[in-house]
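Here is the structure we will look at, set down as structure tokens.
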Amino acid sequence: MAKRKRKSGDRKGGTSQTSIASEAKEDHKKPIYHISTLEPASEDNTQLFGTAGANRISVYELSSDGEISLLTMFVDNDAGEVYYCLAWGQPESPAQPSERGLYLAFAGLNGCLYVRHLADNVRCYRDDPMMCLIAHGGPINMIKVAPNNQNLILSASKDESIRMWSTYSGACVAVFAGGQGHTSEVLTIDLNADGTRLASAGMDNTVRVWDVDLEELKQIAESGHAALKGSYFKPKVIQAPAFVTDLSCYWAPNYIDCVQWVGELLLAKSVHEKVVMFDITKPPPRCTRESALVLQDYLLSNCNIWYLRFSVDPSFRYLAVGNMAGTVTVWDIDEAENPIAKLQYGSVGKKEQSNVTIRHCVFALHNKFVIASTDDGRIVVWKSGLELSNEHSNES
């Protein structure tokens, strides 16, 4: 684990004493597929987060005692739309710094990527027209904002492509597809911390790593920002990833529905009741085809369906994933053998709550809380027992 350094004073081992701090239920009563927190948390010890479910994007505020308050929402006029993902961004305009400010990007079934700016008090959307970016030939399953340039968003789609967009002009500046690209639906993407490498995975059972630190790509992105809104812009097409693996040396190939960077290492999950951590730079000990070196795995239970997404906290200390029995399991990332907490929704054995499927969960307020979303529109907030000290909170 030399590629991940633990900060001194980090918590190791033990079992957290946890309890539910609050819960809410969105009235659509349909799956909430994704939660996204606005990082970092506010100076007043609150944190914003958004949810994507049914044809609705909702923005909430999490208080220091774990209570949640609905601030605003967007409801699509199309009742058949289903939003799968959302992401926060707060860029500076290339022309006028801070002209637009904080935005939410979201996408789903109809294949459109929307960018909606929020008012200064964050309690409503701005009156500016919502940007709608249309260039995918199928549903969009995941979006990510580039950490090193938040005027750029990447989207992963059923049309087997990943696309990079300028939130300033709306231009599609790059397409990752074709040639050696994905051969089926792309379910998940993630950018590493400095925004130089993109990992993607999906229904072709593979994880691919793309180099996005190319000088030519940077120049095209800058040109894309300057393009006239609504005009045609020719994107850069990147067909060859830097690395490909199906992890077939470790598990039977199947859909890979979640992937995330942890330093220079990757975490991935399929339907095999485990999350695996692997290294893409070392050759496997025994394999006749290109693969990856699996370093450790985190064993799951009641988690053999796809589209159950795990999360890693912003400081890369902890991993959390929900299951089909209303439980979120939390690990110290460096200690895969035994989880450090199991957060149960309701009483064990209580049929209504123990059978709830948790689609996604995230860490919030310096790991003090874990927020989870369910298949029937519920939002559950647990006290995690993992709160960082002020010193470490300021570092993250």
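Worth a mention:
- Residues considered: Asn302, Asn323. Of these, the only one that is open to solvent by less than 20 Å² (accessible area, probe 1.4 Å), within 21 Å of Thr188 (Cβ to Cβ) and modelled with pLDDT of 90 or more is Asn323.
- One residue stands out among those in the range 262-279 that are assigned to a loop (DSSP other than H, G, I, E, B) and of a type in the set (Asp, Glu): the one that is farthest from Ser301 (Cα to Cα), which is Glu264.
- The residue that is surrounded by the fewest Cβ atoms within 10 Å (Cβ to Cβ), counting only those in the range 162-192 that are within 26 Å of Glu264 (Cβ to Cβ) and free of Cβ contacts under 8 Å to residues at least 60 places away in the same chain, is His182.
- Per the conditions (1) touching a residue at least 60 places away in the same chain (Cβ under 8 Å); (2) open to solvent by 20 Å² or more (accessible area, probe 1.4 Å), the sole criterion not satisfied by Ala135 is (1).
- Where Pro147 falls short, out of the listed (1) within 28 Å of Thr37 (Cβ to Cβ); (2) open to solvent by less than 40 Å² (accessible area, probe 1.4 Å); (3) not aromatic (Phe, Trp, Tyr): (2)
- Identity of the residue in the range 41-75, of a type in the set (Asp, Glu) and more than 22 Å from the chain's Cα centre (by Cα), that ends up nearest to Tyr307 (Cα to Cα): Glu67
- Residue match in the range 246-268 (condition: of a type outside the set (S, T, N, Q), at pLDDT below 95, farther than 30 Å from Leu343 by Cβ and open to solvent by 40 Å² or more (accessible area, probe 1.4 Å)): yes
- Qualifying positions in the range 209-222 - outside any helix (DSSP H, G or I) and open to solvent by 20 Å² or more (accessible area, probe 1.4 Å): Asp211, Asp213, Leu214
The values are calculated or read from the model by the stated rules, or taken from the named source; none is laboratory data. Because the structure is a prediction, the values reported are computed rather than measured. We place every Cβ from the backbone using ideal geometry, glycine too, and count neighbours over all the protein chains shown. Side chains are part of the model used for accessible areas, which takes the heavy atoms of the whole protein and leaves out ligands, DNA and RNA. Shrake-Rupley method; radii C 1.70, N 1.55, O 1.52, S 1.80 Å.
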